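The values are calculated or read from the model by the stated rules, or taken from the named source; none is laboratory data. Just so it is clear, the structure is predicted and the values come from calculations on it, not from any experiment. Glycine gets a Cβ as well: all are built from the backbone with ideal geometry, and neighbour counts include every protein chain shown. Just so you know, the surface numbers come from the protein's heavy atoms only, side chains and all, with ligands and any DNA or RNA stripped out. Shrake-Rupley method; radii C 1.70, N 1.55, O 1.52, S 1.80 Å.
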Amino acid sequence: MQEMASQDTTAGEPRTSLTFGQAAWAFGLALLLLVAANLFVLRYDLEGGRSYGIRDVPPALPWFLLLVLLLASAAARRIAPRLALERRQALLIFGLLALAIPISGFMGVRSLLPHLSLLQYYQGPDNEFARIAAHIPDHLIPKDPDVIIPAYEGSESGTVMWAPWLGPIGLWGGFMLALGLGTLCWITLLRNYWNRSEHLSYPMLELPRQFVGAGVYGHSDRGFLRDPLMWLGFALAVIFHAGDILKYFNPSIPAIPGRTDLAPLLTEGPLRHALPLRFYISPLTMGAAYLVPQNVLFSVWAVYLLYKVVAVIGGTMGVQAGDAFPFYQEQATGGYIAYGLLLIWAARKHIARLWRMAVHARRDGETYPLTPRLAIFGVIGVGLFVLGWCHVNGFTLKLAAPYFVILLLYVTVQARIRAETGVPLAWDYPFGTQKTIFQRVLGAEGIMAVGGERGLVMLSFYSWLARYNYLGHTAAFQIDDVTLWEEQRVLWRRALWFVVAALVLGIALGFAIHLKAYYDWGASLLQGGALYGGANTQVARGEYINLSAELLAPGVRDATRTKYIILGFVLVPVLALVRKSFLRFPVHPLGFLLATCYGPTPYYWSDFFLAWIAKTLVLVLGGAGSYRRLVPLFLGMVLGSAMAYDVVWMIVRALLPEGVVRGYV
């Protein structure tokens, strides 16, 4: 690894800019790898149903490809130096892949397409799908049965009917691109303020930094890939996953369980009200959590277990509501909105200064990879575009404006979580609540009083943005990418064009492979589905089934859940104020949000607990030096888990005969 890093100047020294040819070479390789990744998803995830595709968070495949590129370049320098990549080229490729792959997959295009097409296919006398579709403008969705039926059942020839789709996917592709550019402008306004005022470390970037010899945390003089502690952590993760996989095929093989349900221990007396309660072990999450601030780690498991105690007390007193009490996600909803507002308020002077710079066309390097004018007017322009889009397409601004403001606040918090904690969690937000908050606070009756029946329909039509949070994931990868590229002094124009290219390519390839799979196999059978398709299609259908019920019998506001939304909205600023007044106060607002956002069964709380114990013992017994020295051990766990499970096993399980592997194994 030192050999790879030594070919370039160190991170702190000036270096010449990448030439156009070097940037073009990097882009060509990135495009080739992105196309290959999408073809894999098409063949083995969508059509074959034997793989859960390429994981978005953490970016395991981009990590792997970055490592391969760096190792190959180190070898090429001895054989064909002209083919070797400079490390900034490799990091540009990594960043493009990390951003583009989720957009073309589960969290992006795959979540949108079912909302555009299933109403026409599944409409019948037992639902109100035809009534719902009547409220959606014809130019946004194809409504011809001759187009939709082959898409859901597969066409005889497998030919994609591009002509009727070009209009809708062109419009939605432009909409997604505008949203992606808007998140880039928005996080640009906040990122440098966070970095300067709070010195955030971006822990998820530590692996690529270590790969190029620019890690924030120290390691032995041998370099990261030659550090025995790294390989020890790597081996531990591989052994863990190997045992888990082998046990799936032969239950008699001993293995450390990745998930232990504690229900058998809590069936009697009031303790049953603590259910569901599960203990998870993930080497990847545990290893990454070692770099998370200690107060965040403590807050996640402590708040979660405290709320289980509250659930027991509530159940004993007769105030239980299934497993919902104490309404985790409702509190997280209010908390996310409040914390987003707090983050914007804290940066208000910085944003005002950037506004003045934008007006006078000045820049001082604090809005990389944009100019202040591009960042400020980009946010304003995209905001006006979204409002105009909603107005033209029948989504009343009385509902659309607050809906997209809430989405923006969630984006702000997710970007902050990525920058401050780097936790490798795809579901680090209370999914779907950006939309359901309207149902909780207003009820279907209240929504229709504000926006009519079409307003209620449009909230469900745009619910894919809330459930799978295309905006939040895009912003999180953008803030990582531009931070990494700025550290390596990539020219801002190069960085900007690679972000734009990632957005365009991710969207275009996403539509291409999904429509190809639709007409080859049928959307109702994709990802191993028997009638209602994969998870994204099932979720979209469930959304419209619930909407049908609301149209027939509109519900009223949920006063109880609204109170808990307000409670979360109040609790988070109180926690922030107490932390500001008492620096040693152990509960962090982000920890509270992570503890509650996934509902009663967050799959990461126990990993945070184990990482907190390990980190506490290391700091108490060995101090900061030992903590830094053990970073390669835990990063090795992250790398080993990502390579063994998210790369090697992903490929192996895709190649196994159909039906051999089912579930999330």
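Annotations
- Within region 647-661, being modelled with pLDDT under 85 and open to solvent by 10 Å² or more (accessible area, probe 1.4 Å) holds for Trp649, Met650, Ile651, Val652, Arg653, Leu655, Leu656, Pro657, Glu658, Gly659, Val660.
- The one condition from (1) open to solvent by less than 10 Å² (accessible area, probe 1.4 Å); (2) closer than 28 Å to Leu343 by Cβ; (3) modelled with pLDDT of 95 or more that Gly455 does not meet is (2).
- Applying the set (1) in contact (Cβ under 8 Å) with a residue 12 or more places away in the chain; (2) under 27 Å from Leu177 (Cα atoms) to Ala134 leaves exactly one unmet item: (1).
- Test: Trp605 is on the phi < 0 side of the Ramachandran plot, of a type outside the set (Val, Ile, Thr), in contact (Cβ under 8 Å) with a residue 12 or more places away in the chain and open to solvent by 40 Å² or more (accessible area, probe 1.4 Å): no
- Within region 331-355, residues that are free of Cβ contacts under 8 Å to residues at least 60 places away in the same chain have Cβ atoms under 9 Å from residues that are among the β-branched types (Val, Ile, Thr) in these pairs: Trp355/Ile376, counting only partners at least 6 apart in sequence or on another chain.
- If you go through region 576-602 and pick out every residue that is open to solvent by 50 Å² or more (accessible area, probe 1.4 Å) and touching a Phe, Trp or Tyr at 6+ places or on another chain (Cβ under 6 Å), you end up with 3.
- Residue list for region 234-279, restricted to those being among the hydroxyl-bearing types (Ser, Thr, Tyr) and in contact (Cβ under 8 Å) with a residue 40 or more places away in the chain: Tyr248
- Region 513-539: number of residues that are under 22 Å from the mean Cα position of the chain (by Cα) and open to solvent by 20 Å² or more (accessible area, probe 1.4 Å): 4
- If the condition is being closer than 16 Å to Leu442 by Cβ and at pLDDT below 95, then region 562-583 contributes no residue at all.
- Residue check, Ala84 of a type in the set (A, V, I, L, M, F, W, C) and more than 30 Å from Gly534 (Cα to Cα): yes
- When Ala235, Ala242 are screened for being under 20 Å from Phe279 (Cα atoms) and either at pLDDT 85 or above or among the aromatic types (Phe, Trp, Tyr) (or both), only Ala242 passes.
- Matching entry among Ala100, Ala90 (being under 24 Å from the mean Cα position of the chain (by Cα), under 21 Å from Met650 (Cα atoms), at pLDDT 90 or above and small (Gly, Ala, Ser)): Ala100
- Among the candidates Gly315, Gly365, Gly381, the residue that is assigned to a helix (DSSP H, G or I), of a type in the set (Gly, Ala, Ser) and under 22 Å from Tyr193 (Cβ atoms) is uniquely Gly381.
- Test result for Phe94, touching a Leu at 6+ places or on another chain (Cβ under 7 Å) and either among the β-branched types (Val, Ile, Thr) or assigned to a helix (DSSP H, G or I) (or both): yes
- Residue that is surrounded by the most Cβ atoms within 10 Å (Cβ to Cβ), among those in region 400-436 that are closer than 23 Å to Arg561 by Cβ and in contact with a His (Cβ under 9 Å, 6 or more places away or on another chain): Gln414
- Residues located in region 124-146, provided they are surrounded by fewer than 16 Cβ atoms within 10 Å (Cβ to Cβ) and not in a loop (DSSP other than H, G, I, E, B): Ala130, Pro145, Asp146
- Where helices (runs of 4 or more DSSP H) sit wholly within region 393-484, those with at least 2 residues that are among the small types (Gly, Ala, Ser) occupy 397-420, 443-461.
- Screening Leu271 with (1) part of a helix (DSSP H, G or I); (2) modelled with pLDDT under 90; (3) open to solvent by less than 50 Å² (accessible area, probe 1.4 Å) gives one miss only, at (3).
- Exclusive hit being surrounded by fewer than 23 Cβ atoms within 10 Å (Cβ to Cβ) and of a type in the set (S, T, N, Q), set Ser73, Ser117: Ser73
- Scan of region 184-224 for residues that are within 25 Å of Arg493 (Cβ to Cβ), within 19 Å of the chain's Cα centre (by Cα), surrounded by fewer than 23 Cβ atoms within 10 Å (Cβ to Cβ) and among the hydroxyl-bearing types (Ser, Thr, Tyr), ordered by number: Tyr202
- Residue count for region 155-183 satisfying the condition of being surrounded by fewer than 20 Cβ atoms within 10 Å (Cβ to Cβ) and more than 26 Å from Gly378 (Cα to Cα): 11.
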